[in-house]
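These notes are about the structure you will find just below.
The values are calculated or read from the model by the stated rules, or taken from the named source; none is laboratory data. It should be emphasised that the depicted structure is a prediction, and the values quoted were computed from it without experimental measurement. All Cβ positions, even for glycine, are placed from backbone atoms using ideal geometry, and neighbour counts span all protein chains on display.
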Amino acid sequence: MIGVYDSGFGGLSVLRHLRAALPRRDFVYLGDSGRAPYGGRDTDTLLTFAEQCVERLLEEGCRVVVVACNTVSCVALRHLQHRYATGGGARVLGVTIPAAEIATRVSEGHIGLLATARTVASGTYPIELAKLGRHRVSARAAPLLAPLVEEGWEDTEIARLAVARYLADLPGIDTLLLACTHYPFLRTAFEAALPPGVRVLDPAPYVAERLADWLARHPGWDEEGEGVLRVLCTGDPAAFRGPGERFLGAALPSVQHVAEEAGRLAHRDRPVVPVGQVVRPRG
């Protein structure tokens, strides 16, 4: 069973490609929608959230976890690998290195990077890209784009204007690397705003290809199942379903709710939404 972890809905767009590449594998998806977005979070908070989510997936029976969130892959992946993969009990894989590999492969020399503020501030993508080639890298944080996609506004004039404004700060690029799982839904707006010949690169298909290759070379880590999908979220499962199906491009199974209790994510029957003021008991 393979776990896929994201801060919310966006990782379902990666899961879509993973399931297409590995139709006989069973997946558990965990979207931390109750605590999203991650893009403006401080490092300690990101590490805590990432630990809790990976531990939940390990408890669900996953031995391989794919961190689909670019922000977590850029900030916390090494920490997660040291914490959970040392000793051979689990494998935690990210999207950053596969994305860098395909970007350097197709770029003619100047890669534009569009991502969340936290992903850009981490500097991880330029570091990984520099290991693979002598490409020029221009990065731009685009904090307005993910909320527009979550609202379903990717085909609106406001989305086109926002995309054009961000891309104006990336002149001369030959490849645009979409380093946020929401951004591929804006492909039409990107292609309209970019000069002819600039490649718009969604790394998700390559992430799926690389995972399939890794599993073929490491057959003991996960066995074929029946293509079963389970979905967990930290937010409201009912509210998760609509956007989740749009991101996955398919119907979702019953979405299970998990919430933080004593520093870990535990299953709950339903989310608790208090009305009015809340006073925490002294403990």
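Here is a check on your reading of the model: is Ala159 of a type outside the set (Asp, Glu), outside the structural domain of Cys69 (by TED's automatic domain parsing), within 15 Å of Val75 (Cβ to Cβ) and touching a helix residue (DSSP H, G or I) at 6+ places or on another chain (Cβ under 7 Å)?
No.
Just give me the residues in region 107-140 being in contact (Cβ under 8 Å) with a residue 40 or more places away in the chain and either among the charged types (D, E, K, R) or closer than 17 Å to Leu194 by Cα (or both), in sequence order.
Answer for region 107-140, where residues must be in contact (Cβ under 8 Å) with a residue 40 or more places away in the chain and either among the charged types (D, E, K, R) or closer than 17 Å to Leu194 by Cα (or both): Ser107, Glu108, Gly109, His110, Ile111, Gly112, Leu113, Leu114, Ala115, Arg118.
For region 1-53, which residues satisfy the criterion of being in a loop (DSSP other than H, G, I, E, B), under 21 Å from Glu150 (Cα atoms) and of a type in the set (Lys, Arg)?
Arg35, Arg41
Name the residues in region 228-239 that are assigned to a strand (DSSP E or B) and hydrophobic (A, V, I, L, M, F, W, C), would you?
Of region 228-239, the ones assigned to a strand (DSSP E or B) are 229-233.
The answer is Leu229, Val231, Leu232, Cys233.
Being modelled with pLDDT under 95, of a type outside the set (Phe, Trp, Tyr) and not in a loop (DSSP other than H, G, I, E, B) narrows it down to one residue among Gly242, Gly283, Gly276; which is it?
Every option except Gly242 fails the conditions.
Kindly provide the set of residues from region 245-273 that are polar (S, T, N, Q) and assigned to a loop (DSSP other than H, G, I, E, B), ordered by number.
Residue satisfying the conditions is Ser254 alone.
Matching residues to (1) acidic (Asp, Glu); (2) touching a residue at least 24 places away in the same chain (Cβ under 8 Å):
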residue: Leu12; (1), (2): no, yes
residue: Arg25; (1), (2): no, yes
residue: Leu30; (1), (2): no, yes
residue: Asp44; (1), (2): yes, no
residue: Gly61; (1), (2): no, yes
residue: Ser73; (1), (2): no, yes
residue: Arg78; (1), (2): no, no
residue: Thr86; (1), (2): no, no
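Would you point out which residue out of Glu245, Glu260 is surrounded by 13 or more Cβ atoms within 10 Å (Cβ to Cβ), in the same structural domain as Ser7 (by TED's automatic domain parsing) and within 20 Å of the chain's Cα centre (by Cα)?
Glu245
Restricting to region 168-227, what's the tally of residues that are of a type in the set (A, V, I, L, M), assigned to a helix (DSSP H, G or I) and in contact (Cβ under 8 Å) with a residue 12 or more places away in the chain? Break it down into steps so the answer makes sense when it comes.
Kept after step one, since they are of a type in the set (A, V, I, L, M), are these residues of region 168-227: 168, 170, 173, 176-179, 186, 189, 192-194, 198, 200-201, 204, 207-208, 211-212, 215-216.
Cutting the leftovers down to assigned to a helix (DSSP H, G or I) gives us 186, 189, 192-193, 204, 207-208, 211-212, 215-216.
This time we only want the ones that are in contact (Cβ under 8 Å) with a residue 12 or more places away in the chain, so: 186, 189, 192-193, 204, 207-208, 211-212, 215.
Summing the residues that are of a type in the set (A, V, I, L, M), assigned to a helix (DSSP H, G or I) and in contact (Cβ under 8 Å) with a residue 12 or more places away in the chain in region 168-227 gives 10.
Identify, by number, the condition in (1) in contact with a Leu (Cβ under 8 Å, 6 or more places away or on another chain); (2) modelled with pLDDT of 95 or more that Tyr38 doesn't meet.
For Tyr38, the failing item is (2).
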